[in-house]
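As structure tokens, the structure follows; a few thoughts come after it.
The values are calculated or read from the model by the stated rules, or taken from the named source; none is laboratory data. Quantities reported herein were computed from a predicted structural model and do not represent experimental measurements. In this analysis, Cβ positions are derived from the backbone assuming ideal geometry, glycine residues included, and neighbour counts consider all displayed protein chains. The area values use the complete protein model at the heavy-atom level, side chains included, leaving out ligands, DNA and RNA. Shrake-Rupley method; radii C 1.70, N 1.55, O 1.52, S 1.80 Å.
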Amino acid sequence: SSGINAEYGDFSHLQLSLTSSEMKVMLLQITLLSWFTNVLCAQSDVAPDPAPTSLRDEVAALKEQLREESLNLREEMNSLFGDNLSNLLLLQVIDLIKEVKDMQGLVRAQGEKLEDMDSKLAEKIEDMDSKLVEKMAGLETMGEAQNQKMVEVESLVTKFDSKVEVMISEVRLISQQKLTWQNSTWQDRLFSDYAVDGHYTLSDDWNGANPIQHPVSGHNQRNFMLIIDLGGLFKIHTVKLWNRLECCKSNSLGVFIYADQQLLGAIADEKPLYNFKANDEVYAQKIYVKQSLVKNMNFREVQVFGSGPFNENEV
């Protein structure tokens, strides 16, 4: 550049035919010759060992030859570059300094980028921490709300359990609209379900408004039976049988009432209503109404009162 030419000299007049590698070889030769000459000179100052005169003459001649070659090489370099040799070396140093400065600039730019990345990363981490804290606070609030709801649910469950206990312990009608069975049905229309349909008025309309259960009638037939499935294990309190009103009241004579396998009682007289109270510890899933005599049986309604249901391990 013009600044460098002004400071260190103008090299445009040099017609260099040497390549960069050749110049390096010449500089190396000068250095080696100078070093080898200095070594020989240093050795010449030490007291020599006794040696033949011819050997000393050869060494002296070699030293003189090396000095001449070194001087010739220096003169050749000076003829090529003159006083600007040192300026060339200085230019190379300047180029190296520029490269170092460029590298420093790159390092500084990379450092600034790293600092910017560190700053942005720190901001993101701080933002994530704040969001995490907010979410944790929200989760804690939700947890407290859930705990409160759990307390409320437990309270409701406790109240429900107490109501269920009251309901279970309460004596109530447990047979209405339950499943029934009888071993035959008269004219395929006076079904066993009429015994638990909830209709037991004082009407004589046994074939309409006040239907009865009625198995098939016939001579010499026995073991007519009606079964009521309670649908669970209940504690039996009372069984009521509403007799037929308009006729055939004697058909109820000889009827036995069972709670599962336990006998609750038997009918021995004609009445419109029979009540059979169970003992304190009678539990059953089915009620059996059995006719032991050779005759039919007809009831308007069969009602079972009790409490429950219970598990078998609670009995």
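One table, with the values for the structure above:
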| read-out | value |
| --- | --- |
| Projected label distance in nm at residue 167 and residue 61, using a 7 Å step from Cα toward the beta-carbon | 13.6 nm |
| Amide H contacts of residue 237 (H built 1.01 Å from N, under 5 Å, at least 5 apart or other chain) | 305, 306, 307 |
| Rough spin-label spacing in nm, given labels placed 7 Å along Cα→Cβ, for residue 189 and residue 313 | 5.2 nm |
| Cα pair distances exceeding 13 angstrom across the range 232-271, given as percent | 58 percent |
| Pairwise FRET efficiency - residue 203 versus residue 280, Cβ, R0 = 45 Å, nearest 0.05 | 0.80 |
| Rg(Cα)/(2.2 N^0.38 Å) for the range 117-195, N = residue count | 2.73 |
| Alpha carbon convex hull of the range 196-315, volume per residue in cubic angstrom | 101 Å³ |
| Candidates per GluC sites (Glu not before Pro) in the range 98-193, loop by DSSP, up to 13 other Cβ within 10 Å | 170 |
| Surface share of carbon and sulfur [accessible, 1.4 angstrom probe, percent] for the range 198-315 | 48 percent |
| Lysines with Cα under 19 Å of residue 277, excluding same-chain neighbours fewer than 8 positions away | 235, 240, 286, 290 |
| Residue 107-residue 129 FRET efficiency (beta carbon distance; Förster radius 25 Å; 0.05 resolution) | 0.20 |
| Proximal aspartates and glutamates relative to residue 149, as straight alpha-carbon distance under 15 Å, when same-chain residues fewer than 8 apart are discounted | 140 |
| Net lengthening on full extension, residue 250/residue 271 (0.36 nm per residue, minus Cα-Cα) | 6.7 nm |
| Cross-link partners of residue 124 among lysines (Cα-Cα below 29 Å; sequence separation of 8 or more within a chain) | 113, 135 |
| Surface per residue (accessible, 1.4 Å probe) for the range 150-199, Å² | 71 Å² |
